[in-house]
Amino acid sequence: MREYKIVVLGSGGVGKSALTVQFVQGIFVEKYDPTIEDSYMKQIEVDGQQCMLEILDTAGTEQFTAMRDLYMKNGQGFILVYSIISQSTFNDLQDLREQILRVKDAEDVPMVLVGNKSDLEEERVVGTDQGLSLANEFHCTFIETSAKAKINVSDIFYDIIRQINEKNPEQKQKTKKKSFCNLL
């Protein structure tokens, strides 16, 4: 079974943990509790292939940015999350993407841009067109989601797996596996 290291990044309060927990456990986390770092495992089937996902839910707060280079170096796919009700969380993504490309020393990395909290349409400040435009600039997929309403949550993870498979077709597993958990 192929293993995938997925990193969920974005500013604090955008719903990174809510999306991850909704996908892995099928529950919505109502209360905001700032994450330092959480790792989740989930086995899924994508296009007839069994996949083991190791999902790293990262801190959105500034004091933990030093750890980011390490996740970025080891991650295979990146989910960049912003809140559709916060312009500043959207604006923060440009720097995050540039940091990923710098750390990975690559021009193109499997990535999904996610506009979360689509259930709060009446409070929207970041338009869908802005998300699509940024995704075009980033050369990545764009999906609007709601962790609360379970809208498009699984799509994010299936999409990133397909991108990783496209960019890096099945490789022989190395004998020694590195996990995010035993890097720190």
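Which of the residues spanning the range 116-125 are open to solvent by 50 Å² or more (accessible area, probe 1.4 Å) and free of Cβ contacts under 8 Å to residues at least 40 places away in the same chain?
Asp119, Glu121, Glu122, Glu123
Has the range 36-45 got any residue that is among the polar types (S, T, N, Q), out of contact with any Ser or Thr (no Cβ under 8 Å at 6 or more places or on another chain), in contact (Cβ under 8 Å) with a residue 24 or more places away in the chain and loosely packed, with under 13 Cβ neighbours inside 10 Å?
Within the range 36-45 (the criterion being among the polar types (S, T, N, Q), out of contact with any Ser or Thr (no Cβ under 8 Å at 6 or more places or on another chain), in contact (Cβ under 8 Å) with a residue 24 or more places away in the chain and loosely packed, with under 13 Cβ neighbours inside 10 Å), the answer is yes, since at least one residue qualifies.
Which ones in the range 153-174 are open to solvent by less than 60 Å² (accessible area, probe 1.4 Å) and either outside any helix (DSSP H, G or I) or at pLDDT below 95 (or both)?
Within the range 153-174, Asn168 is the sole residue that qualifies.
Any idea which residue in the range 73-88 is nearest to Phe142 (Cα to Cα), counting only those that are open to solvent by 10 Å² or more (accessible area, probe 1.4 Å) and touching a strand residue (DSSP E or B) at 6+ places or on another chain (Cβ under 8 Å)?
Result: Gln76.
If Asp108 satisfies every condition in (1) closer than 24 Å to Lys5 by Cα; (2) part of a loop (DSSP other than H, G, I, E, B); (3) open to solvent by less than 30 Å² (accessible area, probe 1.4 Å) but one, which is the exception?
Condition (3) is where Asp108 drops out.
Can you tell me which residue among Thr128, Thr141 is surrounded by fewer than 19 Cβ atoms within 10 Å (Cβ to Cβ) and more than 17 Å from the chain's Cα centre (by Cα)?
Thr128
With respect to the numbered conditions (1) at pLDDT 95 or above; (2) surrounded by fewer than 18 Cβ atoms within 10 Å (Cβ to Cβ); (3) not in a helix (DSSP H, G or I), which one is the sole condition not fulfilled by Ser133?
Of (1) at pLDDT 95 or above; (2) surrounded by fewer than 18 Cβ atoms within 10 Å (Cβ to Cβ); (3) not in a helix (DSSP H, G or I), only one is false for Ser133: (3).
The values are calculated or read from the model by the stated rules, or taken from the named source; none is laboratory data. Small disclaimer: the values here were computed from a predicted structure and weren't measured. Cβ sites come from the backbone with ideal geometry, for glycine too, and all protein chains shown count toward neighbours. Keep in mind that these areas ignore ligands, DNA and RNA; they rest on the heavy atoms of the full protein, side chains included. Shrake-Rupley method; radii C 1.70, N 1.55, O 1.52, S 1.80 Å.
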